[in-house]
Amino acid sequence: MISKHGLSTFFVKGNVNMNYKPSKFNYNFQIDEETVGLYNTFTQALAALRLEEFSALERGGDLLSLADQRSCIENGFLVPEGRNENALLDRARADGILNSNTAVYRILTTSACNARCFYCYENRNHAVSMDRKTASQVARFIQKRSGNTSIRVQWFGGEPLLNPEIIEYMTMLLRQQINDNNLQFSIITNGSLINDELIHKMINDWNISQIQITLDGTDKEYARRKNYVGLADPFRTVLQNIQLAIQSGIRTVIRLNYDYNNYSDILQLIEQLGRTLPHAENLRVYAYHLYSTDSQNPADQHRQEEWFTIQNALIRHRFTTPEQAFSLWIRRTRCFACQTKGFVITPEGVLFKCPMAMTDSNAKVGDVWNGITNEAAMACWCNTELKTQCHTCVFMPICQGGCRAGELGYSSEVCFPQKEFLDEVLRKRL
């Protein structure tokens, strides 16, 4: 038995004299005619077993050698006969939703944007920028709820750099009221407005620890998809600004948005980035698939092949590592939207749980003046229960019910997105 240990933090070493059963979170896949791969989605343990070993494990492990029994117990492949694995996950999920040590505030400094991305879910017909009165109340709202919690503030939009004054003003207020050790600031921007002056502010005044910038292709494809207003050479501008961010030392994350129509161009973009960007420790590049709501759309039909080709290109150019590209991890909850301490705050100070739900007035959970006023909407997002079918799914520990926005109809993505190419991911990890 060849094993690779994962994050076995939920399990303790067991006594081989007890009665054991196979974990309900064991996922098996074929390696070759004589070998089976076994991955436990709860402990993250991964092993290659001979067919006879796998057969013995499936029957409770009594026929395994003592050493192999102990290894299977320690890695969570075998669990005590009376253990309720769902109950362990349910408790961890409830604790993560209700008692998270981190509060996340995604704050829209403005809903205005200088780009017109076709896939954007925000309503561009109503552009509003946050004023100082609202910003002051946002800071009070955050401070009042802070306690000893770690706070992550994400500047968002629209394009957040269209309203830099509010970023500076609110950062000043928060740093006056909350210990810097408990504050972390990041920004999600299209990168078109970054310059030397703003980089200086990000480092010295705004305390920005991370910048995320999205690229959608090379020169012409990028310009077509972003559809900027009044920006003559957007690709070259943004690429230069990315280089400014990297050189400043701020952690810089580039997200590559791709679908069936720009997949080839994204591969060209990775090659170009490999030639033009430095291999810096503060740079990460990852790819994100734009999901189609049409199940017959070719955008969803070649995801496995596309995804692997893109990941391998990113690895080849050292923008990521195999461990990062093909990683899987246990989740205590879904995303910050499903935690009681996670909020999206609009320029008017309205509270939502997820940016994808901001166009639905019924999804409003409150505002920064009155706090939570829609307990039903809040409970809808922060529900600790999952669908019935989730409790019989082997992927529950790494999915936790999938995207809540998708489940509620705000997005097309619902379930664990790597499910369809999990076997190949696990083979690569072995």
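Nothing in this text is a laboratory measurement; each read-out follows from the coordinates by a stated rule. Every value quoted in this text rests on a predicted model; they were computed, and no experiment measured them. Using ideal geometry, Cβ is built from the backbone for each residue, glycine included, and neighbour counts are taken over all protein chains shown.
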task: State the answer as a single residue: which of 117, 96, 80 lies farthest towards the positive end of the charge dipole of region 39-150, with beta carbon charges of +1 for Lys and Arg and -1 for Asp and Glu, about the Cα centre.
output: 117
field: Vicinal HN-Hα couplings computed from phi for region 340-351 (Karplus, 6.51 cos²θ - 1.76 cosθ + 1.60; Hz; Gly/Pro x)
entry: 5, 9, x, 9, 9, 10, 7, x, 8, x, 7, 9
query: Among 372, 187, 97, which one moves the most in a GNM of the chain with springs linking Cα atoms closer than 10 Å?
result: 372
- prompt: Under a plain spin-label model, where a point goes 7 Å from the Cα along Cα-to-Cβ, how far apart in nm are residue 374 and residue 63?
  reply: 5.8
The chain - share of DSSP beta bridges that are antiparallel (%, nearest 5): 40
- prompt: For residue 44, which sequence-distant residues (separation of 5 or more, or a different chain) have an amide H within less than 5 Å of its own amide H, given hydrogens modelled in the peptide plane?
  reply: 7
statement: Within the under-14-Å Cβ sphere about residue 351, not counting residue 351, Lys/Arg +1 and Asp/Glu -1 give a net charge of +3
- request: Can you check what the Kirkwood hydrodynamic radius comes to for region 361-423, Cα pairs only, in Å to one decimal?
  value: 13.5
- prompt: Ordered by residue, what ³J(HN,Hα) values in Hz, to whole numbers, does region 135-151 give under the Karplus form 6.51 cos²θ - 1.76 cosθ + 1.60, where θ = phi - 60° and Gly and Pro are x?
  reply: 4, 4, 6, 4, 4, 5, 4, 5, 4, 4, 9, 6, x, 9, 6, 6, 10
query: Local charge sum around residue 373 (other residues, Cβ-Cβ under 13 Å, Lys/Arg +1, Asp/Glu -1)?
result: -1
task: Hey, could you get me the Stokes-Einstein D for region 104-245, Kirkwood radius over alpha-carbon pairs, 20 °C and 1.002 mPa s, rounded to whole µm² s⁻¹?
output: 135
task: Name the residues whose placed amide hydrogens come within less than 5 Å of the amide hydrogen of residue 110, ignoring near sequence neighbours (fewer than 5 apart) on the same chain.
output: 130
Region 177-239: C-alpha gyration tensor shape, a/c 1.5 cut-off, then a/b vs b/c: prolate
- prompt: Which net charge results when you count Lys and Arg as +1 and Asp and Glu as -1 among the other residues whose beta-carbon is under 13 Å from that of residue 407?
  reply: +2
- prompt: Where the centroid of each part is defined by its Cα atoms, how far is region 40-93 from region 138-163 in Å?
  reply: 43
FRET efficiency, residue 236 to residue 88 (Cβ-Cβ, R0 45 Å, nearest 0.05): 0.30
- prompt: From the backbone phi of region 353-366, what are the Karplus-calculated ³J(HN,Hα) couplings (6.51 cos²θ - 1.76 cosθ + 1.60, θ = phi - 60°) in whole Hz, Gly and Pro given as x?
  reply: 9, 9, x, 6, 9, 5, 7, 9, 4, 6, 8, 4, 9, x
- prompt: Dividing the convex hull volume of the Cα atoms of the chain by its residue count, what figure in Å³ per residue is obtained?
  reply: 157
message: Taking the 0 to 90 degree range and rounding to the nearest ten, how far is the long axis of helix 234-248 tilted relative to the main principal axis of the chain, both from C-alpha atoms?
response: 70
task: Divide, for region 188-321, the radius of gyration over alpha carbons by 2.2 N^0.38 Å, where N is the residue count.
output: 1.08
- request: Compute the FRET efficiency between residue 51 and residue 427 as 1/(1 + (r/R0)^6), taking r as their Cβ-Cβ distance and R0 = 25 Å, and round to the nearest 0.05.
  value: 0.90
query: With each run of n ≥ 4 DSSP H residues scored as -39500 (n - 2.57), what mean residue ellipticity at 222 nm is computed for the chain after dividing by its residue count and rounding to the nearest 500 deg cm²/dmol?
result: -10000 deg cm²/dmol
message: Averaging over every viewing direction, what projected area does the convex hull of the Cα atoms of region 319-379 cover, in nm²?
response: 6.1
field: Residues with amide H under 5 Å from that of residue 285, placed H, sequence gap 5 or more
entry: 254
field: Bins of 10 Å from zero: percent of alpha-carbon pairs in region 89-160
entry: 16, 36, 27, 18, 2
